[in-house]
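J.: One structure, as structure tokens, below. Some questions next.
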Amino acid sequence: MSKKTLIPILGDQLSWDISSLADQEKDRSVLLMMEVDAEATYVKHHKAKIAYIFSAMRHHAAALREGGWTVDYVTLDDPDNSGSFTGEIARACERHAIDSIRITEAGEWRVMTMIENWQDQFDVPVTICPDDRFIATHQEFDDWAEGKKQLRMEFFYREMRRKTGLLLDDDGKPEGGKWNYDAENRKPAQSDLMMPKPIRFAPDEITKEVIEMVAEKFADHPGSLEHFHFAVTREEALQQRRQFLDHALAQFGDYQDAMLTGDPFLWHSILSPYLNSGLLDPLDLCQEVADLYADGKAPLNAAEGFIRQIIGWREYVRGIYWHEGPDYAGRNFLDAQRPLPDFYYTGDTDMLCLSEAIGQTLDLSYAHHIQRLMITGNFALIAGVDPHAVHIWYLEVYADAYEWVELPNTLGMSQFGDGGIIASKPYASSGNYINKMSDHCASCRYDVKQRMGKKACPFNALYWDFLARNEEKLENNNRLTMPYRIWHAMDGDVQQQLRTEAQAFLERL
Ligand code: FAD
Ligand code: DLZ
Ligand code: SF4
């Protein structure tokens, strides 16, 4: 019997044209897909995230089989399941006559280390294929970063615009004359019954079975399965993509930073789980957005803003993750040590902005960017929570969270743990910003205008306390000159009182 190539397809490699399958012969290949306990529990992923990944994996395996591939699929409840990727490769090597292993690189240092050991462990050649679902290769990012003092997303993004040709005119200049229209994308929103809603996909038999299994096996994990709404096939993900492009994209720019009580989605795309697990292709999506702009169906600030999130931010954070190395996860520039407050796992807090963001996260495994950055992230930052604990929470609770994308966003952008590689200043703010961009404060038990006293919004004293607490490390940041000037101009008694109130609040947490 001729030997075959074993091709493991990981849970975030659910793309029909994944690089490990390129040029492979179907009758010379065995594809291996494995639901393993170690991946579900190395952090306590949200129940709906696990159900999404397992169901999407099962549907993808069926599609691959229909396409003529041989797929060996190990379910979590298989009594012989060893519980880990490496254990399952070992078992697959026994089940099949294998002469080589071929895999697309993983999205995490942890898993890459496992894969790099397989050649020695199993004594077969292992080919690791680059993940070509991204626009920039690791080498391109490293070349761009080489010798630069600051690695600002904006300049990397322009390179990606040039590389893809997206939103460039015939002379290679940016459409409309500017690279970035972010200044137009900061409008607060008002509740509107006509607002688009993402499609809720009713669970089919496969999804129902997975949900039942996850409910039983991961009962102690955070989050609910009651509101499961994800697409689990490429066809369904394409339907959500259509829904967004036809009904939300045009307003995406204007209201990108807005927040509304009771509305978890606004004009966001809700496409990140599908982009990150491979059901949708990022470049193809951006090309359609650029075409809609060219056809007059989407304004430039929306099209540019959306494309920037994907070929700018998404590519940039991936570049940073691999460029900075595995020690990035342990950085803690501000030496913040506080444990994460319990209410991040219950939503049980009387600060309305936080209970909204955390409540919908536990229900839906989703929050949009500005909630992650300016509500849950901002609070953890100004309260001085250990950035590693914050990182674990974000990795657990969001359906789109894989370390390559989550870690730089959380530890770098949101918690300033890398000392300013990603963010030129900490994303710290008082209640004022939240009041400007949301309708939460109007219904909150706290008064956002008060800095001190029982009714005062806790974000206010915490913000000043954060600046004072970290003055030595932050005072020379020229983007903080103004806030420090205001702090120093305050009466000493007021300063003292703000700090005392912040401390008292933190002790009660
Ligand atoms: P939209 O607002 O519709 O944006 C469109 C797409 O742009 C997204 O689907 C996503 O693919 C991409 N995008 C937007 N912003 C970013 C960004 N900063 N980094 C990477 N891609 C971006 N995104 C993840 O995909 N996974 C994560 O684990 C993750 N963790 C985050 C943690 C923190 C603390 C913060 C501040 C942001 C994080 N983000 C993460 C980025 C962003 O919040 C999500 O991509 C977005 O909320 C997903 O919802 P959406 O698809 O509706 O996005
Ligand atoms: C996140 C996740 C989970 C919860 N479970 C699995 C799994 O059982 N099998 C699998 O192949 N992948 C899973 N994943 C995604 C992997 O953790 C992901 O592929 C790695 O983090 C590498 O990016
Ligand atoms: Fe949040 Fe403060 Fe506004 Fe309440 S008043 S919603 S705690 S920012």
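J.: State all residues of region 196-228 that are farther than 15 Å from Leu76 by Cα and in contact with a Leu (Cβ under 7 Å, 6 or more places away or on another chain); if no residue qualifies, say none.
T.: Pro222, Gly223, Ser224, His227
J.: Select from region 128-151 the residues that are exposed (fewer than 13 other Cβ atoms within 10 Å of the Cβ) and over 22 Å from the mean Cα position of the chain (by Cα) and write down the one among them that is nearest to Asp12 (Cα to Cα). Lay out the reasoning, then the answer.
T.: Just the residues of region 128-151 that are exposed (fewer than 13 other Cβ atoms within 10 Å of the Cβ), to begin with: 130, 139, 143, 146-150.
When the remaining residues are screened for being over 22 Å from the mean Cα position of the chain (by Cα), the result is 139, 143, 146-150.
Details: Gln139: 22, Asp143: 27, Glu146: 29, Gly147: 33, Lys148: 32, Lys149: 33, Gln150: 31 Å.
Out of the qualifying residues, it is Gln139.
J.: Let me ask something additional. From the list Leu31, Leu21, Leu14, pick out the single residue that is touching a strand residue (DSSP E or B) at 6+ places or on another chain (Cβ under 7 Å) and over 20 Å from Thr86 (Cβ atoms).
T.: Leu21
J.: Just need a number here: residues in region 89-116 that are more than 20 Å from Gly11 (Cβ to Cβ) and either within 16 Å of ligand 2 (Cβ to nearest atom) or of a type outside the set (Gly, Ala, Ser) (or both). Outline the logic, then answer.
T.: Initial filter on region 89-116 (more than 20 Å from Gly11 (Cβ to Cβ)): 93-100.
Filter again for either within 16 Å of ligand 2 (Cβ to nearest atom) or of a type outside the set (Gly, Ala, Ser) (or both), leaving 93-96, 98-99.
Counting residues in region 89-116 that are more than 20 Å from Gly11 (Cβ to Cβ) and either within 16 Å of ligand 2 (Cβ to nearest atom) or of a type outside the set (Gly, Ala, Ser) (or both) gives 6.
J.: For residues that are within 16 Å of ligand 2 (Cβ to nearest atom) and charged (D, E, K, R), tally how many sit in region 11-42. Can you show your working first?
T.: Restricting attention to region 11-42, the residues satisfying the condition of being within 16 Å of ligand 2 (Cβ to nearest atom) are 11-15, 18-21, 30-42.
Filter once more, keeping what is charged (D, E, K, R): 12, 35, 37, 39.
Residues in region 11-42 being within 16 Å of ligand 2 (Cβ to nearest atom) and charged (D, E, K, R): 4 in total.
J.: A further question on this structure: Which condition breaks for Ser414 when tested against (1) buried (at least 24 other Cβ atoms within 10 Å of the Cβ); (2) under 20 Å from Lys49 (Cβ atoms); (3) in contact (Cβ under 8 Å) with a residue 60 or more places away in the chain?
T.: Failing condition for Ser414: (3).
J.: Same structure again: Six or more apart or on different chains, Cβ under 6 Å: which pairs go from a residue in region 450-473 that's assigned to a helix (DSSP H, G or I) to one that's of a type in the set (A, V, I, L, M) and away from ligand 1 (no atom under 16 Å from the Cβ)? Could you list them?
T.: Ala461/Leu498; Ala461/Ala502; Leu462/Ala502; Trp464/Leu498; Asp465/Ala502
J.: Of the residues Ala399, Ala357, Ala380, which single one is more than 10 Å from ligand 1 (Cβ to nearest atom) and either hydrophobic (A, V, I, L, M, F, W, C) or under 14 Å from the mean Cα position of the chain (by Cα) (or both)? Steps first, please.
T.: Numbers: Ala399 fails: more than 10 Å from ligand 1 (Cβ to nearest atom); Ala380 fails: more than 10 Å from ligand 1 (Cβ to nearest atom).
Answer to the check: Ala357.
The rows are residues; the columns are (1) near ligand 1 (Cβ under 9 Å from one of its atoms); (2) under 23 Å from His46 (Cα atoms); (3) touching a Phe, Trp or Tyr at 6+ places or on another chain (Cβ under 9 Å); (4) of a type in the set (Ser, Thr, Tyr).
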site: His247; (1), (2), (3), (4): no, no, yes, no
site: Gly253; (1), (2), (3), (4): no, no, yes, no
site: Asp281; (1), (2), (3), (4): no, no, no, no
site: Lys297; (1), (2), (3), (4): no, no, no, no
site: Ile310; (1), (2), (3), (4): yes, no, no, no
site: Trp313; (1), (2), (3), (4): yes, no, yes, no
site: Arg318; (1), (2), (3), (4): yes, yes, yes, no
site: Asn332; (1), (2), (3), (4): no, no, no, no
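J.: Can you tell me which residue in region 349-373 is surrounded by the most Cβ atoms within 10 Å (Cβ to Cβ), limited to those that are of a type in the set (D, E, K, R) and more than 12 Å from ligand 3 (Cβ to nearest atom)?
T.: Arg372
J.: Give me a count of the residues in region 247-277 that are within 19 Å of Arg308 (Cα to Cα) and not aromatic (Phe, Trp, Tyr).
T.: Number satisfying all stated conditions: 18.
J.: Take the conditions more than 16 Å from ligand 2 (Cβ to nearest atom) and either closer than 20 Å to Tyr345 by Cβ or touching a Ser or Thr at 6+ places or on another chain (Cβ under 9 Å) (or both) and apply them to Ala401. Does it pass? I'd like the intermediate steps shown before the answer.
T.: On the way: more than 16 Å from ligand 2 (Cβ to nearest atom): no; either closer than 20 Å to Tyr345 by Cβ or touching a Ser or Thr at 6+ places or on another chain (Cβ under 9 Å) (or both): yes.
Spelling it out, it is not the case that Ala401 is more than 16 Å from ligand 2 (Cβ to nearest atom) and either closer than 20 Å to Tyr345 by Cβ or touching a Ser or Thr at 6+ places or on another chain (Cβ under 9 Å) (or both).
J.: A further question follows. Give the residue, chosen from Arg162, Arg158, that is of a type in the set (D, E, K, R) and either in contact (Cβ under 8 Å) with a residue 40 or more places away in the chain or closer than 26 Å to Lys425 by Cβ (or both). Even if it seems obvious, please write down each step before you answer.
T.: On the way: Arg162 fails: either in contact (Cβ under 8 Å) with a residue 40 or more places away in the chain or closer than 26 Å to Lys425 by Cβ (or both).
Sole residue among the options that is of a type in the set (D, E, K, R) and either in contact (Cβ under 8 Å) with a residue 40 or more places away in the chain or closer than 26 Å to Lys425 by Cβ (or both): Arg158.
J.: Sticking with this structure for a sec: Taking the options Lys454, Lys425, Lys449, name whichever one is more than 20 Å from the chain's Cα centre (by Cα), more than 10 Å from ligand 3 (Cβ to nearest atom), surrounded by fewer than 20 Cβ atoms within 10 Å (Cβ to Cβ) and under 24 Å from Ala258 (Cα atoms). Full working, then the answer.
T.: Working: Lys454 fails: under 24 Å from Ala258 (Cα atoms); Lys449 fails: more than 10 Å from ligand 3 (Cβ to nearest atom).
That would be Lys425, the only listed residue that is more than 20 Å from the chain's Cα centre (by Cα), more than 10 Å from ligand 3 (Cβ to nearest atom), surrounded by fewer than 20 Cβ atoms within 10 Å (Cβ to Cβ) and under 24 Å from Ala258 (Cα atoms).
J.: Further question on the same structure: Looking for something away from ligand 3 (no atom under 16 Å from the Cβ) and either at pLDDT below 95 or touching a Gly at 6+ places or on another chain (Cβ under 8 Å) (or both) - is there at least one such residue anywhere in region 375-387?
T.: In the first step, residues of region 375-387 are kept if they are away from ligand 3 (no atom under 16 Å from the Cβ); the result is 384-387.
Filter once more, keeping what is either at pLDDT below 95 or touching a Gly at 6+ places or on another chain (Cβ under 8 Å) (or both): 387.
Yes, there is a match, as at least one residue in region 375-387 is away from ligand 3 (no atom under 16 Å from the Cβ) and either at pLDDT below 95 or touching a Gly at 6+ places or on another chain (Cβ under 8 Å) (or both).
J.: Give me a count of the residues in region 153-172 that are surrounded by 13 or more Cβ atoms within 10 Å (Cβ to Cβ) and of a type outside the set (S, T, N, Q).
T.: Of region 153-172, the ones surrounded by 13 or more Cβ atoms within 10 Å (Cβ to Cβ) are 153, 155-161, 163-164, 166-168.
Checking the rest, the ones that are also of a type outside the set (S, T, N, Q) come to 153, 155-161, 163, 166-168.
Of the residues in region 153-172, 12 are surrounded by 13 or more Cβ atoms within 10 Å (Cβ to Cβ) and of a type outside the set (S, T, N, Q).
J.: Looking at region 230-249, which of its residues are of a type outside the set (S, T, N, Q) and crowded, with 19+ Cβ neighbours inside 10 Å? Lay out the reasoning, then the answer.
T.: Kept after step one, since they are of a type outside the set (S, T, N, Q), are these residues of region 230-249: 230-232, 234-238, 241-242, 244-249.
Phe230, Ala231, Val232, Arg234, Ala237, Arg241, Phe244, Leu245, Ala248, Leu249 - these are the residues of region 230-249 that are of a type outside the set (S, T, N, Q) and crowded, with 19+ Cβ neighbours inside 10 Å.
J.: So is Glu356 in contact (Cβ under 8 Å) with a residue 60 or more places away in the chain and within 16 Å of ligand 2 (Cβ to nearest atom) or not? Give the steps one after another, and end with the answer.
T.: Details: in contact (Cβ under 8 Å) with a residue 60 or more places away in the chain: yes; within 16 Å of ligand 2 (Cβ to nearest atom): no.
The answer is no for Glu356.
J.: Then there is this: Just to be sure before I move on: is Asp465 more than 16 Å from ligand 1 (Cβ to nearest atom) and of a type in the set (D, E, K, R) in the structure I sent? Break it down into steps so the answer makes sense when it comes.
T.: Numbers: more than 16 Å from ligand 1 (Cβ to nearest atom): yes; of a type in the set (D, E, K, R): yes.
It is true that Asp465 is more than 16 Å from ligand 1 (Cβ to nearest atom) and of a type in the set (D, E, K, R).
J.: So Leu340 passes all but one of these: (1) surrounded by fewer than 20 Cβ atoms within 10 Å (Cβ to Cβ); (2) assigned to a helix (DSSP H, G or I); (3) free of Cβ contacts under 8 Å to residues at least 60 places away in the same chain. Which condition number does it fail?
T.: Leu340 satisfies all of (1) surrounded by fewer than 20 Cβ atoms within 10 Å (Cβ to Cβ); (2) assigned to a helix (DSSP H, G or I); (3) free of Cβ contacts under 8 Å to residues at least 60 places away in the same chain except (2).
J.: In addition: Could you tell me which numbered condition Ala442 fails, if it satisfies all but one of (1) among the small types (Gly, Ala, Ser); (2) closer than 30 Å to Leu266 by Cβ; (3) touching a helix residue (DSSP H, G or I) at 6+ places or on another chain (Cβ under 7 Å); (4) part of a helix (DSSP H, G or I)?
T.: (3)
J.: Same structure, new question: Restricting attention to region 209-222, which residues are outside any loop (DSSP other than H, G, I, E, B) and either within 25 Å of the chain's Cα centre (by Cα) or surrounded by 14 or more Cβ atoms within 10 Å (Cβ to Cβ) (or both)? Talk me through it step by step, then tell me what you get.
T.: If we filter region 209-222 for residues that are outside any loop (DSSP other than H, G, I, E, B), which is where we start, we get 209-217.
Passing the criteria: Glu209, Val210, Ile211, Met213, Val214, Ala215, Lys217.
J.: Would you be able to tell me the number of residues in region 467-509 that are under 35 Å from the mean Cα position of the chain (by Cα), surrounded by fewer than 13 Cβ atoms within 10 Å (Cβ to Cβ) and not basic (Lys, Arg)?
T.: Within region 467-509, residues that are under 35 Å from the mean Cα position of the chain (by Cα), surrounded by fewer than 13 Cβ atoms within 10 Å (Cβ to Cβ) and not basic (Lys, Arg) number 8.
The values are calculated or read from the model by the stated rules, or taken from the named source; none is laboratory data. Model, not experiment: these values are computed from the prediction. Here Cβ is always computed from backbone atoms with ideal geometry, including for glycine, and neighbour counts include all displayed protein chains.
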